[in-house]
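Enquirer: For reference, the structure I am asking about is given below.
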Amino acid sequence: MTVFELIEILSEVDPKSRVTFLAGGLNTQVAEEIVAVATPERLWMKHSKSDKKVEADTHHADKHAVRSDATRASTESEAASIVILSTDEEFLCKAIVRRLKLD
C-alpha cells in the first residue's frame, strides 16, 4: 500500500478514529493501537516475491543482505521509501537506530 492509497482510504473516515493494528493469525476481537510512526530518510529495499503459491512484499534497511540464488531467481528488488507504523514506540526507535547503523 502506498501513502497515497492510505490517505485516500482515510479521507472517508472519522478523523477521531483510533489507528490500530491487527496481526495476522491473532484474535480478530483484539487490535493494538498504533502509537508511533517513523519515516526513515534512507531508502529501504523492497523485495517482491511472486510464485504459484505466494505473492509477498518484504522490506529491509540493509541493502547488502545476502539472499540465496533460489530466492533471487523468484524475487525482484528495488529501492523504496517507507513509512513504519508501530504499536511500541520504544521498540520502533531502537529498531530504526539499529538498522540505520548497519552501514
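The values are calculated or read from the model by the stated rules, or taken from the named source; none is laboratory data. No experiment lies behind these values; they were computed from the predicted model shown. Every residue, glycine among them, receives a Cβ derived from its backbone with ideal geometry; neighbour counts consider all protein chains shown.
Enquirer: Could you list, ordered by first residue, the pairs with Cβ atoms under 7 Å in which the first is in the stretch 26-52 and surrounded by 11 or more Cβ atoms within 10 Å (Cβ to Cβ) and the second is aromatic (Phe, Trp, Tyr) and modelled with pLDDT of 85 or more, at least 6 apart or interchain?
Expert: ALA31/PHE21; GLU32/PHE21; ILE34/PHE21
Enquirer: Residues that are of a type outside the set (Gly, Ala, Ser) and at pLDDT below 85: list the strands (runs of 3 or more DSSP E) wholly contained in the stretch 28-96 that include at least 1 such residues.
Expert: Details: elements: 36-38, 44-50, 55-60, 75-80, 84-86.
Result: 44-50, 55-60, 75-80, 84-86.
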